[in-house]
Amino acid sequence: MQDVLCSARDSKFAASLCRLAQADIWRFYLMYVRPESQDTVFSWDDFQTKNNSELLNNLGNFVHRALSFCAATFDGCVQPVDELTETDRQLIGLVDKEMREFQECLSKTRLRDGVRSLLTISRLGNQYIQLCQPWTLKDQRARAGAINAIAVNVAALIAVLLAPYMPTVSERLQQQLNVKLTAIPERFVALVKPGHKLGEPKPLFSRMEGDRVAELKTKYAGKDAASGASAGGPKEDAKKAGAKDAKKQGAKDAAKGTAKDAAAEGKQKEKPAGKGDKKK
């Protein structure tokens, strides 16, 4: 990603990209939208949407919910899971399936699909928390702790899966989990054991506001686009449109002239014979 930024024609543009979002987010976006066999086109609006929906509202929201609930309810200490419910088993099975898909994608260099499997895992985690609602189980503290422990372990799994795509974010999440993970497990297992003390939970991502994106979109639309001096610019478009209209008008005038000449010729043929043209 650094090479991509450094190859930008305008160094100020590259610097603005990094100020707008951390480099890991650019890595994520390029991996998320890249076709596996052809070029792609960058879109400011899509970049904003992917950041706010997939990173902030999906992945970031899930991780922060899991870790902050543990901090607030259990003083940051991971609880034991004494018994799995059917809901727990369903989640584990679905996460295992996405992990197999993720590993297959990496082995076949299908990086875009690997990103999507990772995001599916965080989406499953969000759905699990929302379904179980551990914050409502005030009289079932053990069950609430088990739900949270499973969610924390999904977050730990996401931390290690993020490493190939967003290494800095992966490291920050591991710091919040207070773990050091290096290897991707073959299946969903408990990477964080009962009794483990988590670090301080902090948001991993921030919202990308529309006014800032619009400002950069206008600023870096390109000199040609701004002046209209090149193909695709307003002046060039107007010039082409004028030429096209002139061509159409010329064709119309030619058609009218032809019709007029034809009409005159027809009248000449139909003219009655004059006095000097009497039949003998």
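The values are calculated or read from the model by the stated rules, or taken from the named source; none is laboratory data. These numbers come from a predicted model, not from an experiment. We place every Cβ from the backbone using ideal geometry, glycine too, and count neighbours over all the protein chains shown. Side chains included, ligands, DNA and RNA excluded: accessible areas come from the protein's heavy atoms. Shrake-Rupley method; radii C 1.70, N 1.55, O 1.52, S 1.80 Å.
Side notes on the structure shown:
- The residues of segment 78-113 that are more than 30 Å from Y32 (Cβ to Cβ) and surrounded by 16 or more Cβ atoms within 10 Å (Cβ to Cβ), listed by number, are V78, Q79, V81.
- Residue within segment 47-68 that is at pLDDT 95 or above, surrounded by fewer than 19 Cβ atoms within 10 Å (Cβ to Cβ) and either more than 22 Å from Q22 (Cα to Cα) or among the aromatic types (F, W, Y) (or both) present: yes
- Residues in segment 163-173 that are of a type in the set (A, V, I, L, M, F, W, C) and out of contact with any Leu (no Cβ under 7 Å at 6 or more places or on another chain): A163, M166.
- If you go through segment 154-183 and keep only what is among the polar types (S, T, N, Q) and in contact (Cβ under 8 Å) with a residue 60 or more places away in the chain, you end up with T168, Q176.
- Residue match in segment 186-205 (condition: modelled with pLDDT under 85 and surrounded by 14 or more Cβ atoms within 10 Å (Cβ to Cβ)): no
- At least 2 residues being in contact (Cβ under 8 Å) with a residue 12 or more places away in the chain and farther than 28 Å from P134 by Cβ is the threshold, and among the helices (runs of 4 or more DSSP H) wholly inside segment 32-121 those reaching it are 44-50, 86-107.
- Here the condition is being part of a helix (DSSP H, G or I), open to solvent by 50 Å² or more (accessible area, probe 1.4 Å) and at pLDDT 95 or above; of A156, A151, A142, it holds for A142 alone.
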